[in-house]
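A.B. asks: Quick one: structure below, then a few questions.
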Amino acid sequence: MKKKTQKPVDRRIQKSKKYLSDAFKALILEKGYEAVTVQEIIDRANVGRSTFYAHFESKEQLLFSLLGTMNENLLGTMNEKSKDGIDFEMLFNHCADNFQIAKAMLGKKGGDLIIGHIRDVMSLKIAKDLKRDSSKSKSEQLKIYFTSEALSAALVSYLTNWLDEDMPYSSEEMSAKCNELVEKFT
């Protein structure tokens, strides 16, 4: 059977997406995520509205394309240090390496959409770890749901407060605190 080869992405598409992403990041740093509009993104990127909508349905979709790599790592990495599969060290290091944009997107002035998304991703990972035994009763399943939701909210709070306080602890210290918290409940 012949293997399908992926068609290379057109350079014009790559450039347009880069211009839009760069403009969006710059605007988030200046104004915060919630205050940025699609019109401001296309003006800053110097592209037409149709170009924006040819690549993204909304600023939320553009945002999630920016979060793609971190999201893949957060969902896909199974770190031995973390029972629930969340690589907290990667998360905190990524935020430290990209501090200004991370603070603008995830800090107290960041968008609820971003914070909610990361909380949901964490909750799913925690619930998956807690559900290893699929023969759990409905009551036990509900307890897992509540536990994973509460834990993910606490973990996101650790992250947002750490960013808002200008990273008073190292990524390693924060990762250890998160792993310790998860281990208490899983």
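The values are calculated or read from the model by the stated rules, or taken from the named source; none is laboratory data. Note that the structure is predicted; figures quoted are calculated from it, not measured. Here the Cβ positions follow ideal geometry from the backbone for every residue, glycine too, while neighbour counts run over all protein chains shown. Ligands, DNA and RNA are stripped out before the accessible areas are found, and what is left, the full protein with its side chains, is counted by its heavy atoms. Shrake-Rupley method; radii C 1.70, N 1.55, O 1.52, S 1.80 Å.
A.B. asks: Out of the range 18-53, which residues are open to solvent by 30 Å² or more (accessible area, probe 1.4 Å), in a helix (DSSP H, G or I) and more than 23 Å from L106 (Cβ to Cβ)?
C.D. replies: Result: Y19, Q39, D43, R49, S50, T51, Y53.
A.B. asks: Right, here's the next one. Quick one: how many residues across the range 55-69 are outside any loop (DSSP other than H, G, I, E, B) and either touching a residue at least 12 places away in the same chain (Cβ under 8 Å) or buried (at least 17 other Cβ atoms within 10 Å of the Cβ) (or both)?
C.D. replies: Of the residues in the range 55-69, 9 are outside any loop (DSSP other than H, G, I, E, B) and either touching a residue at least 12 places away in the same chain (Cβ under 8 Å) or buried (at least 17 other Cβ atoms within 10 Å of the Cβ) (or both).
A.B. asks: Which condition from (1) in a helix (DSSP H, G or I); (2) modelled with pLDDT under 85; (3) under 16 Å from E165 (Cα atoms) is the one that L75 breaks?
C.D. replies: Only one criterion in (1) in a helix (DSSP H, G or I); (2) modelled with pLDDT under 85; (3) under 16 Å from E165 (Cα atoms) is unmet by L75, namely (3).
A.B. asks: Anything in the range 35-46 that is aliphatic (A, V, I, L, M) and at pLDDT 95 or above? List them, or say none.
C.D. replies: Across the range 35-46, the qualifying residues are V38, I41, I42, A45.
A.B. asks: How many of the residues in the range 127-141 are modelled with pLDDT of 80 or more and touching a Ser or Thr at 6+ places or on another chain (Cβ under 9 Å)?
C.D. replies: Final tally of qualifying residues: 2.
A.B. asks: A follow-up question, please. With modelled with pLDDT of 85 or more, part of a helix (DSSP H, G or I) and open to solvent by 90 Å² or more (accessible area, probe 1.4 Å) as the only criterion, which of L124, L163, L155, L151 stands out?
C.D. replies: L124
A.B. asks: Another question, if that's okay. Is it the case, given these coordinates, that Y145 is in contact (Cβ under 8 Å) with a residue 12 or more places away in the chain, more than 18 Å from H94 (Cβ to Cβ) and out of contact with any Leu (no Cβ under 6 Å at 6 or more places or on another chain)?
C.D. replies: yes
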